[in-house]
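One structure is given here, and the rest of the page talks about it.
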Amino acid sequence: MPSRRPQATIDLAALEHNFARVKQLAPNSKVLAVLKANAYGHGMLPVAQALKQADALGVARLDEALALRAGGIARPIVLLEGFFHADELAQIVASNLQLVIHHRDQAEALLAAQLDAPVRVWLKVDTGMHRLGIYPHEFNELYQRLSQSRNVQGPLRLMSHFASSDEPDKAATANQLMLFQHITRGSAGEHSLANSGAVLNWPQSHGDWVRPGLMLYGVSPMADAVGTDHGLKPLMTLSSSVIAVREVNAGDAVGYGGSWIAAHNSRLAVVAMGYGDGYPRAAGNNADVLINGKRLPIVGRVSMDMITVDIGNEAVAIGDKVILWGSDLPVEQLARCVDTIPYELLCNITSRVLFSYINTSH
């Protein structure tokens, strides 16, 4: 019997295509592929296993890096948030991990530690994001001290993070780039600034390393675009199935609170998908799904386990497949419908959804 469980199908051939697109855009840069937050909801270990061409993998936290090592991933792994406590350094060294140093306390703890081997350090400078990064006035001092430390495998790599690279008409990114170049002028070390938005919009920022995240998964970081606009292919197809078909009369209210009232006699498909699976509650009365290739509207509120779709006179039956997002219904469009960003939708998929991977030989 077919499962009614919602499914996320991940196309690893699309991942290979998107990585090649990154290399086409930044042919002279190494690639630090960002896999934080469970590879943006796509499954960190399968994605890491498929990204054999990546020069390094980036994660946010130590537990993510250790999960990759436990899964047999031997390639360089960079902790993008560095370490939180000095007692983590022994594990970092033992697991051959690389560190981002983004504030003075981290630098001082690393300099004071007794380590069995030196670690590779990426020194992050705040050039305008004002989230993480050492202050510009601290750079020269900390750069010199870290460069001379026996705990640091030299040379340092130098990095910053753009706040608005997904908005190519704003001057903020150019200003950040100029400040970074001014701060680091004359200091040896490879440079890394470009996230997905900068890979696409700011070729002058590509430097020695680019750090693509969202674009690897075939999704656009720009608010008014979709991945295919950039030559990307979405990895994830989120789907479920119809579990009931019901008739409603004109004037019937549907779902919790009766937020949708049928204007005329119609038919509804009840779909096994809800906010308990990670589908956004705000999609009720705002978004569409695909059933048998037809775009049909969600009506009524999204429930924990179900949504209802107005199918009118369409030939829809119990068991029919329903696409919530995928190559023919971009997740970026749903994000706009519910006033969020595709990152959030992808990361919110819950453990109730069954993941499967196709084209795993690529």
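Looking only at region 62-72, residues that are within 11 Å of N96 (Cβ to Cβ) and either small (G, A, S) or not in a helix (DSSP H, G or I) (or both) come to 1 in all.
Of everything in region 68-99, what is open to solvent by 40 Å² or more (accessible area, probe 1.4 Å) and either over 19 Å from A56 (Cβ atoms) or of a type in the set (A, V, I, L, M) (or both)? Give them in sequence order.
A70, A74, F84, H85, A86, D87, A90, A94
Within region 157-182, the set of residues being surrounded by fewer than 16 Cβ atoms within 10 Å (Cβ to Cβ) and within 16 Å of D126 (Cβ to Cβ) comprises A172, N175, M178, Q181, H182. The set of residues from region 100-130 being open to solvent by less than 10 Å² (accessible area, probe 1.4 Å) and in a helix (DSSP H, G or I) comprises Q106, A107, L110. Would you be able to say whether some residue in region 131-154 is of a type in the set (G, A, S), crowded, with 18+ Cβ neighbours inside 10 Å, assigned to a loop (DSSP other than H, G, I, E, B) and on the phi > 0 side of the Ramachandran plot? Yes, some residue in region 131-154 is of a type in the set (G, A, S), crowded, with 18+ Cβ neighbours inside 10 Å, assigned to a loop (DSSP other than H, G, I, E, B) and on the phi > 0 side of the Ramachandran plot. Candidates are the residues of region 311-353 that are assigned to a strand (DSSP E or B) and β-branched (V, I, T); the one that is most open to solvent (accessible area, probe 1.4 Å) is I323. Among the residues of region 2-61, the ones that are of a type in the set (S, T, N, Q), assigned to a helix (DSSP H, G or I) and buried (at least 21 other Cβ atoms within 10 Å of the Cβ) come to 1 in all.
Taking the residues in region 283-296 that are surrounded by fewer than 16 Cβ atoms within 10 Å (Cβ to Cβ) and not polar (S, T, N, Q) as candidates, determine which candidate is nearest to L346 (Cα to Cα). In this case the residue turns out to be R295.
Please state which one of G58, G82 is touching a helix residue (DSSP H, G or I) at 6+ places or on another chain (Cβ under 6 Å), closer than 25 Å to S147 by Cβ and not polar (S, T, N, Q). Residue meeting the stated conditions: G82. Say whether the condition of being touching a strand residue (DSSP E or B) at 6+ places or on another chain (Cβ under 7 Å), touching a residue at least 60 places away in the same chain (Cβ under 8 Å) and surrounded by fewer than 19 Cβ atoms within 10 Å (Cβ to Cβ) is met by at least one residue in region 208-228. Yes: region 208-228 contains one or more residues that are touching a strand residue (DSSP E or B) at 6+ places or on another chain (Cβ under 7 Å), touching a residue at least 60 places away in the same chain (Cβ under 8 Å) and surrounded by fewer than 19 Cβ atoms within 10 Å (Cβ to Cβ). Taken residue by residue, region 183-192 has at least one member that is open to solvent by 10 Å² or more (accessible area, probe 1.4 Å) and polar (S, T, N, Q).
Of all residue pairs spaced 6 or more apart or on separate chains, those with beta-carbon atoms under 9 Å, a first member in region 121-140 that is within 13 Å of S192 (Cα to Cα) and a second member that is modelled with pLDDT under 95 are V121/G154.
The values are calculated or read from the model by the stated rules, or taken from the named source; none is laboratory data. The structure displayed is predicted, hence computed values, not measured ones. Cβ atoms come from the backbone with ideal geometry, glycine included; neighbour counts cover every protein chain shown. To get the accessible areas, we keep the full protein, side chains included, count just its heavy atoms, and leave off ligands, DNA and RNA. Shrake-Rupley method; radii C 1.70, N 1.55, O 1.52, S 1.80 Å.
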